[in-house]
1. Could you list all residues from the range B:49-81 that are within 21 Å of B:Asp591 (Cα to Cα) and within 14 Å of chain A (Cβ to nearest Cβ)?
2. Taking the condition free of Cβ contacts under 8 Å to residues at least 24 places away in the same chain and either assigned to a loop (DSSP other than H, G, I, E, B) or in contact with a Leu (Cβ under 7 Å, 6 or more places away or on another chain) (or both), does B:Cys799 pass?
3. Which residue pairs have Cβ atoms closer than 9 Å, lie 6 or more positions apart in sequence or on different chains, and pair a first residue in the range B:770-782 that is in the same structural domain as B:Leu804 (by TED's automatic domain parsing) with a second residue that is surrounded by 14 or more Cβ atoms within 10 Å (Cβ to Cβ) and modelled with pLDDT under 75?
4. If you take the residues in the range B:616-629 that are hydrophobic (A, V, I, L, M, F, W, C) and in a strand (DSSP E or B), which one is nearest to B:Leu3 (Cα to Cα)?
5. Is it true that some residue in the range B:134-148 is out of contact with any Leu (no Cβ under 7 Å at 6 or more places or on another chain) and part of a loop (DSSP other than H, G, I, E, B)?
6. Kindly provide the set of residues from the range B:167-181 that are facing chain A (nearest Cβ under 10 Å) and free of Cβ contacts under 8 Å to residues at least 40 places away in the same chain, ordered by number.
7. Quick test for you: out of B:Ala184, B:Ala160, pick the one residue that is among the hydrophobic types (A, V, I, L, M, F, W, C), without any contact (Cβ under 8 Å) to a residue 12 or more places away in the chain, within 14 Å of chain A (Cβ to nearest Cβ) and part of a helix (DSSP H, G or I).
8. Going through A:Thr9, A:Thr19 one at a time, which residue ends up being more than 7 Å from every other protein chain (Cβ to nearest Cβ), crowded, with 16+ Cβ neighbours inside 10 Å, under 29 Å from B:Pro122 (Cβ atoms) and modelled with pLDDT under 90?
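The values are calculated or read from the model by the stated rules, or taken from the named source; none is laboratory data. Small disclaimer: the values here were computed from a predicted structure and weren't measured. For neighbour counting, all protein chains shown are included, and Cβ atoms are generated from backbone atoms with ideal geometry for every residue, glycine included.
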Amino acid sequence: MSANETTATKFISEWLNNTKRTDNNSAVVQAISEATEKGILEEAKLLEKLRELAQPEREGQKA
Amino acid sequence: MTLIKRITVSGFRGILSSLPIDFFKGSKCQSAVLYGGNGTGKSSITDSWEWLTTGKIQHLAREGAEEGAYPHREAKQGETCVEIEFSDPAVGVVKLQFDHNRVTRPIVAGNLDEARSLITHPCHIRFGDLTRFVFFRKSERYDALASLMGFVSQMEYQKALRRVQTNFDREVAQLAHLKGDVDARFKAHFALTDVETKSALKKLSDTCKKYDLPTEPTLESTKKSNESLQELVAKDPRAKQLADYQLLETALRSCTVSSELVEQLAQLRDAAGQVKAAQKENLETQLMIPLLQAADTLLVKVKPTGQCPLCGTTFNGDLHEHVRNELAKLRHLQELTNTLRQRREAVARTLAAHKEIIQTFDTTLDAAKPDINSEALVRFRTAAQSTDDCVSRLRNLLTFDSTVIDDELIGDLKTERVLLTELESDFAKWKTALIREANSRKATADRDPTRQKLVTDSHFLNFGLNLIDELESKTMRLKRAREILDEYNATVDDYVTTCLADVQKRFDEISEKVTTYFEVLEKHTPGLSGPKLKLSTDQDRSVVLEVIFHGDAVSPAYKYLSESQLNSFGLAVFLASATHFNKECQFLILDDVVNSFDAYKRPLVIDLIKNHFKDRQVLLMTHDRFWRELLHRNLPTWQKIDFRSYTYGIGPSVFPGLHTLEKVGDALKRDEPDEACRTLFQYVEDVLQEVNEKFECEVKFNRRNEYTLETLLDRLRIRAADKLKPDHPLTLALTELYSSNAYRNWATHCKNPQSPIHKDEVTEVLTKWRAVESQLFCQDKTCYDIPRYDRKSSFVCSCGKTRLVKLVPSPVIVAK
């Protein structure tokens with residue numbers, strides 16, 4: 001991982017942590033977090049997670 | 001604070017044999033000037049630095065050249081490596097070796113993480129980075145800035161979030177489309193104008209009432225009544241037969257092909273055909289649009305003829321006219337491409353909404369087996385299957401690369417459209433025939449109106465309940481998906497806001513330095529100051545430049561700034577970022593960054609380096625011989641490296657970069673007086689031009705590009721005698737040179753190479769010229785500047801340590 005990525009990773013990680021705290025463990029933020037590795041977003045993985053969240057049977061959980 | 005002691009590159013890009021570049025001399029790490037003509041391998045050094053410090057070479061990646069393009073074509077496994085020796089012992093030597101088996105995972109030796117943690121921002125810049133900064137549009141300039149200021153990854157993350165947003169948004173729109181389809185069927189089935197479950201249940205309840213079934217208008221109660229009614233039908237074979245025909249009719253009516261698809265395909269094919277006809281080479285030529293737009297503004301006053309410097313084609317007449325025509329053509333192509341994209345999306349939406357006919361038919365019919373004309377059913381199924389296959393092929397066809405429209409695609413679109421037209425007709429024909437037959441069978445199977453009513457009511461009830469279930473399911477799904485989308489949108493917006501705030505913070509942190517550096521570079525431009533970078537809030541990623549122009553804030557700065565002034569802006573931003581954010585690494589690579597600067601501005605780059613980067617270690621690369629001379633003269637303590645030639649199977653030939661006067665001496669040693677003569681002539685004339693300017697000598701202007709050395713020397717001699725008196729050491733040295741026979745012969749030889757010149761005469765001129773220089777240049781190694789006339793009575797260098805003054809009775813050089 002490059003130094004530039006280290007800076008970006010730090011920024012992204014801080015943003016995710018702050019957002020998680022603010023949004024009280026939002027499943028969407030959790031999905032973004034799980035699809036993020038070392039500051040890089042796995043787009044297909046995130047889209048799949050959003051599809052899963054969008055299933056009505058999951059409505060009981062907080063979005 | 002770390003410096004660089006040595007960079008060694010081998011088997012990488014244009015360099016095959018191991019090429020060490022030493023920055024270490026004595027006990028110090030020095031800055032260096034690396035000179036080499038085009039294609040001698042200079043930029044391979046910058047690429048190697050970027051690879052080691054960031055893991056990727058961005059400018060190659062933008063062109064689609066990934067890691068596989070890094071090794072020299074002849075390099076074998078283990079031969080492609082970059083090694084950097086840092087002055088910081090905690091880092092030491094770090095080596096990256098390309099692995100041909102795992103091209104994205106180089107083999108690392110040394111403390112790479114530690115090295116990279118010292119270089120948190122890009123500390124290298126190429127001329128191309130500045131060019132991108134100048135010519136790109138707002139959002140693209142943001143990308144260029146990201147590269148200059150080191151927030152590329154942050155920005156890429158934002159782009160990725162937005163792409164997912166677009167895709168998910170499209171999927172939710174598709175769910176809404178499907179919900180709309182259910183709504184339409186619901187309204188048709190219940191003969192309602194609105195989608196109201198309560199009204200629908202009431203209608204179902206009314207139906208149950210006819211058969212003395214429970215009539216509570218709730219879903220649960222109606223479902224129980226439905227089961228009872230279905231049992232009633234199942235127990236009566238004739239009613240069952242009638243129900244099967246009813247079900248068949250419903251199944252057939254559920255099978256549809258969009259009536260818009262054929263027309264949409266025709267429009268798509270037309271759009272593809274127009275794009276193909278309009279494209280000159282390929283659609284990527286549209287990338288020229290921003291460049292041409294900039295040129296359209298800049299070339300108003302330029303009227304050369306011949307070859308267009310932008311696209312390389314020959315043009316007749318006015319260049320501006322030519323650029324406007326090219327721009328108009330490309331804009332037209334862009335419009336056609338947009339139309340193509342819109343039509344493709346329209347077809348894609350229709351195809352996405354297409355429900356597989358066979359599956360729909362079988363599912364709806366369920367277990368019912370109506371007695372029906374088997375041939376008609378077979379023909380219907382064949383047409384339905386062929387239509388499904390055609391839709392499937394069209395889905396694949398829509399994945400075409402819109403930058404390469406070929407005849408095959410246009411042909412395929414036409415073929416499928418024609419086939420679909422035939423299939424639609426065939427399908428409609430057999431569907432209608434079967435519906436007619438089902439109705440006919442229904443009418444003749446049993447004429448008992450009570451039984452017929454029972455079957456119709458049971459169908460109304462059963463399908464009505466299915467529709468209510470489907471409606472509820474689709475509504476729930478859409479509602480849930482929209483909630484998730486809304487939340488995702490808000491989250492992405494929050495990231496963008498946070499990101500923009502972070503970028504603005506970076507801008508603010510470096511703004512003072514940017515102003516300082518820009519104002520040094522634009523010292524000679526009256527009325528221009530106060531450069532600012534401002535983020536646009538109307539877009540995700542956009543930045544506008546602002547400057548103060550004669551007291552007024554001008555935004556965007558492009559209204560008034562020339563290309564070179566914008567380059568100054570870009571260079572100032574890069575230098576400010578690199579020095580502000582790289583607290584632990586003092587190294588900078590400037591790769592051919594002064595290309596758009598003229599002879600007046602280049603010395604200002606030297607001023608900037610000398611006055612603001614004296615504690616930094618700089619590797620400055622250039623292909624420009626005159627710029628190299630200026631650097632050598634003004635930065636005497638720097639290392640000088642020359643790439644003299646390039647051999648494919650080896651790489652550049654590296655030599656110590658000799659000062660021009662040393663080269664003259666070297667040529668004389670090799671008994672090459674002609675070469676010495678020529679080299680000395682170019683050099684002396686260059687220096688005299690600069691001195692005459694600084695001394696404000698009166699030189700007769702001539703428009704002919706002819707020999708000026710003698711005039712320049714003569715006017716300088718007169719100026720020195722006038723301002724410093726004839727017995728000033730500088731005047732004496734100039735007179736000594738000017739009046740010597742050797743100079744006369746040398747000057748004549750320079751004018752006319754046929755006239756004879758002896759090696760001893762060149763040696764004498766060289767010696768006398770060195771005597772002139774010893775009086776001319778400030779002897780402080782960090783300055784080495786030519787004193788400038790102060791408009792009073794003396795000549796002062798930029799550091800102020802050397803002052804040439806008229807002294808009475810005898811002039812002397814006074815050192816502070």
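1. Those that are within 21 Å of B:Asp591 (Cα to Cα) and within 14 Å of chain A (Cβ to nearest Cβ): B:Trp49, B:Glu50, B:Trp51, B:Leu52, B:Thr53, B:Thr54, B:Gly55, B:Lys56, B:Ile57, B:Gln58, B:Ala61.
2. The answer is yes for B:Cys799.
3. Filtered contacts from the range B:770-782: B:Gln775/B:Ile813; B:Phe777/B:Cys783; B:Phe777/B:Tyr784; B:Cys778/B:Tyr784; B:Gln779/B:Ile813.
4. B:Val618
5. yes
6. Selection gives B:Asn167 alone.
7. When all the criteria are applied, what remains is B:Ala160.
8. A:Thr9
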